[in-house]
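Inspection log for the structure reproduced underneath, given as structure tokens.
The values are calculated or read from the model by the stated rules, or taken from the named source; none is laboratory data. Not measured: the values here are computed from a predicted model. In this analysis, Cβ positions are derived from the backbone assuming ideal geometry, glycine residues included, and neighbour counts consider all displayed protein chains. Quick note on the areas: whole protein, heavy atoms, side chains included, nothing else; ligands and nucleic acids left out. Shrake-Rupley method; radii C 1.70, N 1.55, O 1.52, S 1.80 Å.
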Amino acid sequence: MKRHLPRLARIAGHAGLRALPTAIGIVILGFFLLQQAPGDAVDVLSGESGGLSTEAAAALRHHAGLDQPVLSQLAAYLTGLAHGDLGWSARFNVPVTSLILQRLPGSLLLSGTALVVSVLAGAALGALMAAREGSWADRGLSVAALLFYSLPSFWISLMLIVVFSIHLGWLPSGGSQTIGGPEGGLAGLLDHARYMVLPVTSLSLFYIAIYARLVRVAMIEARAQDYVRTARAKGLSESRILIRHILRNALLPLTTVAGMHLGGMLGGGVVVETVYGWPGLGRLAYESVIGRDFRVLLGILLLSSLLVIVANALVDILQGLLDPRVGVSHAA
Amino acid sequence: MSHPALSIPAFAVPHAITPLLEVQDLQVHFGSKPAVRGISFTVHEGETLALVGESGSGKSMTALSVMGLLPDGGRASGTIRFAGRDTSTLSPAARRALRGGEIGMIFQEPMTSLNPVMTIGAQIVEALRQHQPLSRTAAKARALELIDLVRIPDPKRRFQDYPHQLSGGMRQRVMIAMAVACGPRLLIADEPTTALDVTIQAQVLELLDRLRRDLSMAVLLITHDLGVVGQWADRVAVMYAGRKVEEGDPSALFALPLHPYTQGLLRASPRLDDAQHYTQGPLTEIPGSIASAAGQDGCAFAPRCPQAVAACRAAVPSLRILESGRKVACPLAHQD
């Protein structure tokens with residue numbers, strides 16, 4: 001472990017150096033892109049309230065800084081960012097930071113759980129398919145994986161609601177906890193978990209399908225390697241060969257792909273969070289687009305890009321830990 | 001240290017006549033395609049038998065059958081006896097005890113035969129602890145001795161290294177250390193030096209030869225390199241298209257090859273002492289390819305044989321034992 005530290009530190013250093021320019025680029029690009037959208041928050045507010053007077057609208061725009069030239073708006077935004085200020089929501093009239101922090105835990109919980117579930121289920125199913133390569137179980141699971149890979153998540157979400165909430169009545173169709181239900185403790189946790197089953201399933205199925213196929217191929221490839229034959233020649237038991245020699249190597253590609261998907265899951269949460277009314281960032285982003293609340297949207301954009309950068313750095317470090325060959329080529 | 005350094009287990013030899021390894025009429029098929037078509041040979045305690053032949057002659061499949069490690073789709077028939085026991089009657093657990101315990105094996109590809117994500121120390125320790133009740137510390141100490149035994153400098157540092165940090169020759173030494181870790185009675189070396197530089201080849205072969213004396217192992221050496229055979233083997237068996245065509249003492253066999261295939265093989269190998277050195281003229285070759293043996297009735301070498309007669313294509317020539325002890329599967333061969 002000690003011998004790994006310099007290499008891992010180097011990997012983390014590389015990731016950190018890349019992070020800052022990436023984040024700034026994303027913010028500036030996002031800022032100009034959002035400026036291209038027709039209308040602003042005041043237009044939407046005006047439409048919702050049945051019409052504002054020109055003076056009132058101008059006052060609102062002035063209050064939110066929307067009447068400034070684009071470049072000075074950007075300069076003001078970047079200055080704020082440098083001080084850790086994400087700006088002010090024109091729609092809700094609260095700081096963007098507090099809006100996001102309120103929704104972040106819900107999103108992280110949902111996507112984090114979905115990631116863990118899909119990695120575990122995907123690896124298990126992939127290993128099973130590889131072990132029974134060519135059998136009916138393998139073929140059936142392959143077809144199922146293809147199906148869940150191609151079905152859109154909103155459709156899966158709706159069908160799960162139809163089956164499990166409406167027909168069977170087993171699980172709630174939306175929300176994150178029973179109103180007036182148990183708070184805290186084990187009962188509160190279980191109540192929360194019941195509300196998570198369907199959203200997590202909807203979000204996971206797509207990724208389970210990808211991971212199962214990935215692990216299946218990786219296992220079939222890994223077990224044909226020469227070092228597996230060496231392990232057999234040592235007289236190791238099949239289970240030891242599977243765990244120590246095949247799985248460890250076969251799961252390397254899974255860590256790469258799953259790490260990259262963490263960002264995608266946060267973003268892909270938009271559909272699932274909207275269908276299930278889950279209080280997360282995805283739904284906040286959706287509401288901000290509808291309300292033309294660009295400061296909030298920019299904040300979410302910045303936060304998710306940071307999360308993706310952090311996730312990628314973690315993947316790099318994890319890979320460095322799992323595979324001693326990673327990060328060696330940079331060594332002088 | 002509580003245990004003696006790499007002591008050789010004292011084996012009681014039950015019957016001096018019983019060979020250590022006895023292979024009888026071994027056949028290996030992949031689907032309907034034969035890879036080995038009935039080969040028999042024996043290896044005695046402490047002896048080095050070289051199995052020689054070109055690619056596709058079935059020598060590697062023979063070695064893998066002895067280990068019970070045929071690739072998927074391969075079926076073996078015939079009997080393989082190790083120390084008097086028929087290996088096909090052994091339980092899976094007993095077969096595993098044999099592999100890596102009493103029979104060690106090293107492979108042709110040192111670059112890919114080690115697990116890239118495990119330290120070489122861990123891989124040697126794994127082999128040790130599979131067959132011997134050693135504590136972690138004892139196993140590590142023993143692994144360090146083994147690394148030293150195969151002449152890798154600085155064992156303590158190398159123990160922590162991953163395969164990619166080692167050269168091909170070093171990796172093959174690690175493979176050898178793993179194969180001899182549990183003091184096997186038989187070491188199967190499947191083209192152990194083919195993938196290595198010429199200078200490293202000699203070192204590795206020398207190491208193998210020293211180890212087999214020090215650890216009193218028998219060695220089944222699979223190779224296509226006749227130079228290797230002449231120098232290191234006690235006995236040589238030449239294989240062609242899944243059958244043994246000639247067997248005998250290496251120096252006698254090289255001096256007077258009797259089977260037309262062995263003659264062709266020797267003519268095709270450049271030798272420094274040869275009057276017809278390859279710088280002065282083209283190398284001799286055996287016309288045709290081993291693929292012509294497929295579906296062939298009679299002698300598999302007949303399509304390429306300059307001396308073939310009609311009888312050669314009618315029936316597979318049986319292996320005759322000549323007065324000198326030489327075995328040859330050619331009706332035309334005779335010792336003058």
Residue count, segment B:212-231 (criterion: open to solvent by less than 40 Å² (accessible area, probe 1.4 Å) and within 13 Å of residue B:46 (Cα to Cα)): 7
When segment A:132-146 is examined, which residues are found to be free of Cβ contacts under 8 Å to residues at least 40 places away in the same chain and open to solvent by 70 Å² or more (accessible area, probe 1.4 Å)? A:132, A:136, A:139, A:143
Looking at segment B:135-190 only, could you name the residues that are part of a helix (DSSP H, G or I) and touching a strand residue (DSSP E or B) at 6+ places or on another chain (Cβ under 8 Å)? B:172, B:175, B:176, B:178, B:179
Identify all residues within segment B:83-118 that are within 16 Å of residue A:237 (Cβ to Cβ) and in contact with a Cys (Cβ under 9 Å, 6 or more places away or on another chain); write none if there are none. B:100, B:101
Can you tell me which residues in segment B:131-146 are touching a residue at least 24 places away in the same chain (Cβ under 8 Å) and open to solvent by 10 Å² or more (accessible area, probe 1.4 Å)? B:131, B:132, B:138, B:141, B:142, B:145
If you check A:228, A:275, A:289, which single one turns out to be in contact with a Phe, Trp or Tyr (Cβ under 7 Å, 6 or more places away or on another chain) and at pLDDT 80 or above? A:275
Filter pass, residue A:134 being within 14 Å of chain B (Cβ to nearest Cβ), among the small types (Gly, Ala, Ser) and closer than 30 Å to residue B:184 by Cα: no
Looking only at segment B:87-105, and only at residues there that are within 9 Å of another protein chain (Cβ to nearest Cβ) and of a type in the set (A, V, I, L, M, F, W, C), the one that is nearest to residue B:156 (Cα to Cα): B:105
Test of understanding: among A:66, A:74, A:104, A:99, which residue is touching a helix residue (DSSP H, G or I) at 6+ places or on another chain (Cβ under 7 Å), open to solvent by less than 70 Å² (accessible area, probe 1.4 Å) and not in a helix (DSSP H, G or I)? A:66
For residue B:70, which of the numbered conditions (1) within 11 Å of chain A (Cβ to nearest Cβ); (2) more than 25 Å from residue A:246 (Cα to Cα) fails to hold? (2)
Which residues, taken from segment B:296-323, are touching a helix residue (DSSP H, G or I) at 6+ places or on another chain (Cβ under 7 Å) and surrounded by fewer than 17 Cβ atoms within 10 Å (Cβ to Cβ)? B:296, B:297, B:298, B:306, B:307, B:313
Can you tell me which residues in segment A:82-110 are over 17 Å from the mean Cα position of the chain (by Cα) and farther than 20 Å from residue A:291 by Cα? A:82, A:83, A:84, A:85
Mind checking which residues of segment B:106-130 are within 23 Å of the chain's Cα centre (by Cα), open to solvent by 10 Å² or more (accessible area, probe 1.4 Å) and at the interface with chain A (Cβ under 8 Å from one of its Cβ atoms)? B:109, B:112
Test for residue A:37: is it of a type in the set (Gly, Ala, Ser), closer than 30 Å to residue B:157 by Cβ and under 32 Å from the mean Cα position of the chain (by Cα): no
Which is surrounded by 12 or more Cβ atoms within 10 Å (Cβ to Cβ), in the same structural domain as residue A:282 (by TED's automatic domain parsing) and in a loop (DSSP other than H, G, I, E, B), of A:111, A:118, A:176, A:157? A:176
When residue B:157 is evaluated against the numbered criteria (1) more than 12 Å from chain A (Cβ to nearest Cβ); (2) surrounded by fewer than 23 Cβ atoms within 10 Å (Cβ to Cβ), which criterion, by number, is the only one it fails? (1)
Filter result for residue A:164 (touching a residue at least 40 places away in the same chain (Cβ under 8 Å), assigned by TED's automatic domain parsing to the domain that holds residue A:134 and aromatic (Phe, Trp, Tyr)): no
Segment A:49-89, residues that are in contact (Cβ under 8 Å) with a residue 24 or more places away in the chain and at positive phi: A:87
